[in-house]
Amino acid sequence: MTRSKREEFTPEEMRLADVAKALSHPARIRILKILADKNVCICGELVDGLPLAQATVSQHLKELKRVGLIQGEIEGPKTCYCLSRDFITRAHESLINLFNNINQGECLPCKTKMNSNR
């Protein structure tokens, strides 16, 4: 039986990759900034702060919600969104740990390393 390549990665690695993918679009960054600045749940005003159509904003909100960065609650005909503070705190800690691990030790420039292998 063939194993999926996704099975070769830890759940933490998969979760971090998912968060990084969700953060990889400037509209999603702007949405998170707007929600953080308002510090309350926002129902319909998000579209006003973005140079995008309602349908496009909805797709970005759907992706941020899928990953867990935001929460959405239906209130009448609208969905109100706010930041998922607990998830964001955990993601922040995981990203800090990742970059701390990557940044440990001294890294030689590529040319220096390549020359020393000859």
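Taking the accessible area of the chain, probe 1.4 Å, and keeping the other protein chains in place, the carbon and sulfur fraction comes to 55%. Partner aspartates and glutamates whose Cα lies under 20 Å from the Cα of Lys65, excluding those fewer than 8 positions away in the same chain, are identified as Glu12, Glu13, Asp18, Asp37, Glu45, Asp48, Glu73, Glu75, Asp86, Glu93.
If I take R0 = 30 Å and measure r between the Cβ atoms of Glu75 and His25 in this structure, what FRET efficiency does the formula 1/(1 + (r/R0)^6) give, to the nearest 0.05? With a Förster radius of 30 Å, E is 0.70.
Within region 1-62, which trypsin sites (Lys or Arg not before Pro) sit in a loop by DSSP and count at most 11 neighbouring Cβ atoms inside 10 Å? Don't skip to the answer; put the middle values down first.
Values: sites: Arg3, Lys5, Arg6, Arg15, Lys21, Arg28, Arg30, Lys33, Lys38, Lys62; in loops: Arg3.
Here the trypsin sites (Lys or Arg not before Pro) that fit, given the DSSP loop and packing criteria, are Arg3.
Might you tell me the accessible area per residue for the chain, computed with a 1.4 Å probe and given in Å²?
Values: 8990 Å² over 118 residues.
Accessible area per residue, the chain: 76 Å².
Helices assigned as whole DSSP H runs in the chain whose Cα atoms extend at least 15 Å along their own long axis and whose mean Kyte-Doolittle hydropathy is 0.0 or higher are found at 26-38.
The values are calculated or read from the model by the stated rules, or taken from the named source; none is laboratory data. Model, not experiment: these values are computed from the prediction. A quick note on method: Cβ atoms are made from the backbone with ideal geometry, for glycine too, and the neighbour counts reach across all protein chains shown. Areas reflect the complete protein model, heavy atoms only, side chains present, ligands, DNA and RNA absent. Shrake-Rupley method; radii C 1.70, N 1.55, O 1.52, S 1.80 Å.
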